[in-house]
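A.B. asks: Here it is, the structure in full.
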Amino acid sequence: MALIVHKYGGTSMGSTERIRNVAKRVAKWSRAGHQMVVVPSAMSGETNRLLALAKELAPAKADDAYHRELDQLAATGEQASSALLAIALQAEGLASVSYAGWQVAIKTNSAYTKARIESIDDARVRADLAAGKVVIITGFQGVDGQGHVTTLGRGGSDTSAVAVAAALKAQECLIYTDVDGVYTTDPRVVPEARRLKTVSFEEMLEMASLGSKVLQIRSVEFAGKYRVPLRVLSSFTPWDIDLQEEAKSGTLISFEEDENMEQAVVSGIAFNRDEAKISLLGVPDTPGIASQILGAVAQANIEVDMIIQNVSHEGKTDFSFTVHRNDFARAIDLLKSVVAAKLGAREVIGDAKICKVSIVGIGMRSHVGVASKMFRALSEEGINIQMISTSEIKTSVVIDEKYMELAVRALHKAFDLDQPPA
Ligand code: ADP
Ligand code: ASP
Ligand code: MG
């Protein structure tokens, strides 16, 4: 008998019919003798619906009081789906109880809409499990030190599930979703994408941080920190398939390189449209310029991702960097009003119609020429590269947003990702 955590995403919880299916699947695991904790997301579309209602009443603003209410509001989505799942499990003849984050309690900091989990009290959950109950815990939410409801950022139920699994020292955390595992790239963009049987923790971390939304980045960080065995699999298989078969399906996030690992140089392609580019043209090329520009941006609590500085021409240079699109307008205003004037930049220009496309693979450590192959594949499609950044196991480029799908498909083909590695 093992303690297992299941997480079901929004689509998997999308209707009463689907919730009934989830209940039947969980009941199968429970009847096989496992202690079960289940972390559901809100029913699909619900979080968007709730946040849109708030926007109808007041436009988004950087204000703590407003963000507190957004969390109070959005958290209701998971509270409803959790209670519905407990009801469905009871209808299957199992004892079941659902808890909101604060009832557990899942303690977080007070960063509304992007709170971080600080601790989880496992006493209540353990007592229920010992009493033979299936315990349902809302995904996506927690409670801060003052008792305010918080949420963990979009896609945050993944993180709730992994954190709960870590706190309970669960044998495994199974992330059930609407695809049957982690693919070489988003199968919605590249139909030839191939499911990976295993993916290394490091690659998964890069893919999640570079935009593959199949797992929220923090859930992968948690899994790494607490060594939580993590698997991504489909909730759309028939609920009554053989449990042993189900337990081995999908994609395992692996912490060790073993002989089962695929040995491809590039394992996956990630992309995101969440960034925007800002350029300061004609800034004096003197020591301290970068720190003055980026220092001011950091002071405004705006995170910078990629940075590029051109060679100087007659003592002047151009300096570009990317920020999250949500911070774009604020960053432009700041640079126009304060920094540009102080630095004597000729012009500040912004471009929100960009995207970042990245290739990821631990094989890149030991192979040369991978980045140049990437650039060649893009140039053959006539795609201009605006910025480049590399690390040991990834290369990212910024390109015009309109070429995103073309670029992802071209790279998927160039690196033979539709073929199993030799
Ligand atoms: P859930 O609601 O279950 O949390 P998400 O929509 O958050 O599901 O994540 C699953 C989706 O992630 C898939 O439907 C797929 O379109 C997308 N996705 C992006 N990159 C990948 C990838 N590399 N492998 C699998 N799915 C991916
Ligand atoms: N319901 C939340 C969202 O839509 C959390 C999640 O689904 O993981 O972002
Ligand atoms: Mg998700």
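A.B. asks: Considering only the stretch 313-337, state which residues are more than 29 Å from the chain's Cα centre (by Cα) and part of a helix (DSSP H, G or I).
C.D. replies: Residues satisfying the conditions are LEU335, LYS336, SER337.
A.B. asks: Among strands (runs of 3 or more DSSP E) lying entirely in the stretch 172-240, which contain 1 or more residues that are away from ligand 2 (no atom under 16 Å from the Cβ) and over 18 Å from ALA264 (Cα atoms)?
C.D. replies: Fully inside the stretch 172-240 and qualifying: 172-177, 230-234.
A.B. asks: Out of all the residues in the stretch 256-271, is one or more under 28 Å from ASP122 (Cα atoms), crowded, with 24+ Cβ neighbours inside 10 Å and modelled with pLDDT of 95 or more?
C.D. replies: No: zero hits.
A.B. asks: Under the condition of being open to solvent by 50 Å² or more (accessible area, probe 1.4 Å) and more than 16 Å from ligand 1 (Cβ to nearest atom), which residue from the stretch 8-51 is nearest to VAL97 (Cα to Cα)?
C.D. replies: In this case the residue turns out to be GLN35.
For (1) away from ligand 2 (no atom under 16 Å from the Cβ); (2) in contact (Cβ under 8 Å) with a residue 40 or more places away in the chain, each residue gets a yes or a no:
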{"residue": "ILE4", "(1), (2)": "yes, yes"}
{"residue": "LYS7", "(1), (2)": "no, yes"}
{"residue": "ALA27", "(1), (2)": "yes, yes"}
{"residue": "SER44", "(1), (2)": "no, no"}
{"residue": "ALA54", "(1), (2)": "no, no"}
{"residue": "GLU69", "(1), (2)": "yes, no"}
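A.B. asks: Turning to a different aspect of this structure: If you check every pair at least six apart or on different chains, which have Cβ atoms under 7 Å apart with a residue in the stretch 339-359 that is part of a loop (DSSP other than H, G, I, E, B) first and a residue that is open to solvent by 10 Å² or more (accessible area, probe 1.4 Å) second?
C.D. replies: Listed pairs, sorted by first residue: GLY344/PRO284; ALA345/LEU281; ARG346/LEU281; ALA352/ARG325; ALA352/PHE328; LYS353/ASP400; LYS353/GLU401.
Yes/no matrix, rows are residues, columns are (1) in contact with a Pro (Cβ under 9 Å, 6 or more places away or on another chain); (2) part of a loop (DSSP other than H, G, I, E, B); (3) hydrophobic (A, V, I, L, M, F, W, C):
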| position | (1), (2), (3) |
| --- | --- |
| ILE19 | yes, no, yes |
| VAL26 | no, no, yes |
| SER30 | no, no, no |
| ALA52 | no, no, yes |
| GLU56 | no, no, no |
| ALA74 | no, no, yes |
| ALA80 | no, no, yes |
| ALA83 | no, no, yes |
| GLY93 | no, yes, no |
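A.B. asks: Okay, next question. Of THR150, THR159, which residue is at pLDDT 95 or above, in contact with a Ser or Thr (Cβ under 7 Å, 6 or more places away or on another chain) and within 16 Å of ligand 3 (Cβ to nearest atom)? Break it down into steps so the answer makes sense when it comes.
C.D. replies: On the way: THR150 fails: within 16 Å of ligand 3 (Cβ to nearest atom).
THR159 is the lone residue from the list that is at pLDDT 95 or above, in contact with a Ser or Thr (Cβ under 7 Å, 6 or more places away or on another chain) and within 16 Å of ligand 3 (Cβ to nearest atom).
A.B. asks: Also: Which residues, taken from the stretch 142-196, are within 12 Å of ligand 1 (Cβ to nearest atom), crowded, with 19+ Cβ neighbours inside 10 Å and β-branched (Val, Ile, Thr)?
C.D. replies: Listed by number, the residues that qualify are THR159, ILE175, THR177, VAL179, VAL182, THR184, THR185, VAL190.
A.B. asks: Looking at the stretch 145-170, I want the residues that are without any contact (Cβ under 8 Å) to a residue 60 or more places away in the chain and have a partner that is more than 16 Å from ligand 1 (Cβ to nearest atom) and part of a strand (DSSP E or B) with Cβ atoms under 7 Å, at least 6 apart or on another chain. Which pairs are those?
C.D. replies: Final answer for the pair search is ALA163/ILE117; ALA163/ILE120; ALA167/ILE120.
A.B. asks: Taking the stretch 197-220 as the search range and keeping residues that are open to solvent by 10 Å² or more (accessible area, probe 1.4 Å), out of contact with any helix residue (DSSP H, G or I) (no Cβ under 7 Å at 6 or more places or on another chain) and more than 9 Å from ligand 1 (Cβ to nearest atom), which one is farthest from ILE388 (Cα to Cα)?
C.D. replies: LYS197
The values are calculated or read from the model by the stated rules, or taken from the named source; none is laboratory data. None of these values were measured; they are calculated from a predicted model. Neighbour counts run over all protein chains shown; Cβ positions are idealised from the backbone, glycine included. For the accessible areas, the whole protein counts, side chains as well, though only heavy atoms, and no ligand, DNA or RNA atoms are used. Shrake-Rupley method; radii C 1.70, N 1.55, O 1.52, S 1.80 Å.
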